[in-house]
Amino acid sequence: MGLLSLGTPLPWADAKQYADHVRQHGITQFLNIWDRLKDRQGDELLWGDEIEYMVISLDEENKNAVLSLRQTEILAKLQPLTSEIDANTDSSVSVPTFHPEYGRYMLESTPGSPYTGSIRDLLSVESNMRYRRNLARKHLKPNEIPITFTSFPRLGVPGVFTEPPCDPADATSSHSLFLPEEITNPHVRFPTLTANIRTRRGSKVAINLPLFIDERTPRPFVDPTIPWQRNIYPEDPEARNGAALNDHIYMDAMGFGMGCCCLQLTFQSCNVQDARRMYDALVPIGPIMLALTAASPLWRGYIADVDCRWNVIAGSVDDRTEEERGLKPLKENKFRIPKSRYDSVDLYISEEWMNRPEYNDTDAPYDSCIYDRLRKHGLDDRLSKHISHLFIRDPIVIFSEMIDLDDNESTDHFEVRPPSAPPSNIQSTNWQTLRFKPPPPNSPIGWRVEFRTMEVQLTDFENAAFAVFIVLLSRAIMSQNLNFYIPISKVDENMHRAQIRDAAHSSKFFFRKSIFPPASSRASTASSSGNVTPIDGVNGINGHVHGNGNGTGKKERHLRNCFPPIPPPEEGLPNGSVEAEYEEMTMNEIMNGKGDSFPGLIPLVEEFLGTLDVQEPEREKFASYLNLIRSRANGSLKTPATWLREFVRSHPAYKFDSVVSQEINYDLMVALDEIERGVRSAPDVLPSDYKGGEADQGSLEKY
Ligand code: GLU
Ligand code: MG
């Protein structure tokens, strides 16, 4: 989320009358971009990561670790500071920026200016992330720590879990029984989003995560920490009237989801066609990377039987009415909507021949008027479906100052345009596993794809490893015309499986068996051995020639971004059964390969690296990243989620009752910080040669 403009937000009762207006103008704004930029070509690879942090305040005396609600003060120190660095350093240096996020205890950082596709930039990611963390750390109080941690284990427990302590009795936007108003970023957009989601839905959000039942967990588990009888708001009886399920961890507010932290990556593509291709290729990768980065088994003071945040966030912003959820016949609303606005992608969008129409096999309702309008404007069926599917949602936050906009200048009804993140828009409140992002108006930025599933990792070493891995995988996909398509229904099933306890090591996932296109479609970019042969051509907005344009076979030090379309196979388009194209594989098989029948994503990335001019010390760094991911996938290292569950279960104060007590949580937060800094080892979850943030303060060096 970027910086936020101020204004007067409308409550839902007033906002809803403008929903059609926002949709109509949002589409006009999108079409204006489309007309101007659909033929834009030749953008170089620019990319960036977004890391979300929680600020923890350690109360050593009371052995309590709580969330520090000082986001506003901390950002007030960090934001001018980064512009100061900017002024004092070489302009080629990528100065990080810090942004607000939903939780008042959260920070978000980005590299400031994007990384390029140079090998040296790839290898600067970890140092850049570490620099950002240390910068944040320097501006915290001595007892505060910035942790990259997905879900805070004691968010919403009875008693003190914030600094300063706050009372949930005043939760005017969420009406939560557990989370105080002060948990939410005070910028009006966030309380309004929270309140309007609840009002539109017609009740509080209701999330029930299965509880991890331990040896002494009482059965049935009827949560004693739910204030069953409290009756301040009209919806309060919800918990006792069935919203809170036994044997589950019940959560009733947006903060439980949007208060989670993740690692996101955005890539600029060469052109719109490549962005669509990349988007599709990464859709089936989304759940795989979610399972592999799983890091959130602890919620509202309990151990859950799930490992990931995804469904919690989906539930936390689920503004669908009862009609839309299929609980009542449609009367007021237009559509039955199968998923929350935060959920897995519903439609593949590429026009390449590999994208068989059969793959879009789930119910993805779309607005037929918007679809017809887009088609009449000349858009193809697939992109028209995608956009008109996103536009079944209502804009949730509308600012009275921002209703009538100049559709040539603004895209605010379509999507956020950082840094003045606009309030009322459709695309930015469709939080899906991937986001297809058109160029913002009046900016040098091109067509982009955002990869959104990964849980943030404890250390910058891990975060950099996963970021670099996805960038390299994206190049392997494009340079070898890899085909990862499986039906969307199977991707959905994988999303479900990815979140189950220990999915990375005990689940199987649907994955495509044959990922290389037929030989005739491979010819232009890959040799018969499958090795990548660089393509001649100009690549980059500045007209730089990146790549082996001279035919000498010299290896490159820059990742290319432009690829020719995939030639259709000479033997005709595939028409066999879609079911025969995929099978269930373990994480280890998907990542490390399965005998001769499936190469594995890591070997594909290694092979791609082999086509680049990587020098010796660089090779070692890449190898350390791939080793981490390989070890996670084959089980020789644990996922953070497994490690966290075991930390709690092996703590001397644990009573085998599924409860994460104040003391356990305190020791865990101290341990996380020490592990990150490298002063405590954690050989189950990190490679033994991990040195830690204390050994390296990070740098802004950009090469
Ligand atoms: N924090 C959210 C997550 O964990 C993402 C919010 C955003 O899009 O920045 O997925
Ligand atoms: Mg964010």
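The values are calculated or read from the model by the stated rules, or taken from the named source; none is laboratory data. Please read these numbers as outputs of a predicted model, since none were measured by experiment. Cβ placement follows ideal geometry from the backbone for every residue including glycine, while neighbour counts extend to all protein chains displayed. These area figures cover heavy atoms from the full protein model, side chains too; ligands, DNA and RNA do not enter into them. Shrake-Rupley method; radii C 1.70, N 1.55, O 1.52, S 1.80 Å.
Overview of results
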item	result
Residue in segment 230-278 that is farthest from ligand 2 (Cβ to nearest atom), counting only those that are of a type in the set (Ser, Thr, Tyr) and open to solvent by 10 Å² or more (accessible area, probe 1.4 Å)	233
Any hit, segment 237-258, residues being within 30 Å of residue 514 (Cα to Cα), of a type in the set (S, T, N, Q) and modelled with pLDDT of 95 or more	no
Selection within segment 245-264 - within 16 Å of ligand 1 (Cβ to nearest atom) and farther than 13 Å from residue 309 by Cα	253, 264
Residue selected from segment 341-358 under the condition in contact with a helix residue (DSSP H, G or I) (Cβ under 6 Å, 6 or more places away or on another chain) and not in a loop (DSSP other than H, G, I, E, B), by the criterion farthest from residue 308 (Cα to Cα)	358
Hits in segment 573-614 (condition: part of a strand (DSSP E or B) and either touching a Cys at 6+ places or on another chain (Cβ under 9 Å) or farther than 29 Å from residue 358 by Cα (or both))	612
Any hit, segment 214-229, residues being surrounded by 22 or more Cβ atoms within 10 Å (Cβ to Cβ), of a type in the set (Val, Ile, Thr), modelled with pLDDT of 95 or more and closer than 20 Å to residue 654 by Cβ	no
Filtered residues of segment 610-667 (kept if open to solvent by 40 Å² or more (accessible area, probe 1.4 Å), acidic (Asp, Glu) and over 17 Å from residue 683 (Cβ atoms))	613, 616, 620, 663, 667
Matching residues in segment 389-425 - criterion: being out of contact with any Pro (no Cβ under 9 Å at 6 or more places or on another chain) and at pLDDT 95 or above	390, 391, 393, 394
Among (1) modelled with pLDDT under 95; (2) within 16 Å of ligand 2 (Cβ to nearest atom); (3) in a loop (DSSP other than H, G, I, E, B); (4) not β-branched (Val, Ile, Thr), the one test that residue 113 misses	(2)
Residue match in segment 588-607 (condition: at pLDDT 95 or above and over 26 Å from residue 493 (Cβ atoms))	yes
Counted residues, segment 301-324 - those being surrounded by fewer than 17 Cβ atoms within 10 Å (Cβ to Cβ) and basic (Lys, Arg)	0
Out of 569, 617, 565, sole residue that is part of a helix (DSSP H, G or I) and modelled with pLDDT under 95	617
Pairs where the first residue, in segment 304-318, is at pLDDT 95 or above and the second is open to solvent by less than 10 Å² (accessible area, probe 1.4 Å) and of a type in the set (D, E, K, R), C-beta under 7 Å, 6+ apart	308/455; 309/455; 317/341
Qualifying residue in segment 280-298 (condition: within 16 Å of ligand 2 (Cβ to nearest atom) and polar (S, T, N, Q))	yes
Cross-chain or 6+ apart pairs with Cβ under 6 Å, segment 127-150 first and within 16 Å of residue 461 (Cα to Cα) and open to solvent by 30 Å² or more (accessible area, probe 1.4 Å), then more than 16 Å from ligand 1 (Cβ to nearest atom) and polar (S, T, N, Q)	131/699
Condition check for residue 365: assigned to a loop (DSSP other than H, G, I, E, B), crowded, with 21+ Cβ neighbours inside 10 Å, of a type outside the set (D, E, K, R) and in contact (Cβ under 8 Å) with a residue 24 or more places away in the chain	no
